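Participant: Pasting a structure below so you can have a look.
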Amino acid sequence: MSLATIWGYNLTEDAATFADLLTEPEFDELTAGKYTGDRRTAAEIKAASDAIRNYCGWHVYPEAACSLTERLLHGDGRTKRVCRDLMVQLPAKFVTAVSSVLIDGIAYTDIDFERSGILRVFDVPALSRKSLVVVDYKAGIPDALMASVKELVAHRVTHALASPNGVTSEAAGGVSITYNAAWVNSARASALPDDDKEVLAPYRIQGVF
């Protein structure tokens, strides 16, 4: 079953949904079990995972088989002619394989690609603006490089679980606490402050041609 993503490509393996970027046992380990049993945890992990994927512009993790279909006429600027070659910017980082390139139904095997998602198809004849480019590839961050992303998810979830749930001030007896507005507004697991975005910079799609 193919799963359409909101980033312009499909996952072609059997997938009904995306796996979260962090599991609950991993969260418990990273937080020394402080929030074990909190029923909000799963929802907050999903919210943080979705926010990171939306910011990065692709599914990030785990590695999966993907398929990009790009029509030159209505494309998203992911293709560019360079002399006789066709450059394609795949919507992914950490591309590990390109298994198939079809242009107007014709297979091209003389190709080169970079892990950053740049694909070059050599000796492509003149194309119509209606030409269709289909690329099957694999992409996703390996487990060994996920530590910083998982830590970021855990930080966002911890921040959400420990937040005052939108309350700007609290009082107990003679003690009154007023929360900083910026802190309250960034307490959602789906909020990504600037320092989080700096951590995610290497994983983010930087744009198209």
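The values are calculated or read from the model by the stated rules, or taken from the named source; none is laboratory data. Just so it is clear, the model here is predicted, and its values are computed rather than measured. When we count neighbours, we look across all protein chains shown, and the Cβ atoms used for this are built from the backbone with ideal geometry, even at glycine. The protein model used for the area step is the full one, side chains on, heavy atoms only, and it has no ligands, DNA or RNA in it. Shrake-Rupley method; radii C 1.70, N 1.55, O 1.52, S 1.80 Å.
Participant: Considering R39, R53, which residue is at pLDDT below 95 and over 15 Å from T158 (Cβ atoms)?
Facilitator: Numbers: R53 fails: at pLDDT below 95.
Answer to the check: R39.
Participant: Against the definition (β-branched (V, I, T) and in contact with a strand residue (DSSP E or B) (Cβ under 8 Å, 6 or more places away or on another chain)), how does T41 come out, yes or no?
Facilitator: no
Participant: Among the residues of the range 9-25, are any open to solvent by less than 40 Å² (accessible area, probe 1.4 Å), within 21 Å of V124 (Cβ to Cβ) and touching a Pro at 6+ places or on another chain (Cβ under 6 Å)? Walk me through it before giving the result.
Facilitator: First, pick out the residues of the range 9-25 that are open to solvent by less than 40 Å² (accessible area, probe 1.4 Å): 9, 11, 15, 21-22.
This time we only want the ones that are within 21 Å of V124 (Cβ to Cβ), so: 9.
Among the residues that remain, those that are also touching a Pro at 6+ places or on another chain (Cβ under 6 Å) are: 9.
Yes: one or more hits.
Participant: Next up: Given the conditions (1) farther than 23 Å from D194 by Cα; (2) open to solvent by 40 Å² or more (accessible area, probe 1.4 Å); (3) outside any strand (DSSP E or B), report the number of the one that G33 does not fulfil.
Facilitator: That leaves (2) as the condition not met.
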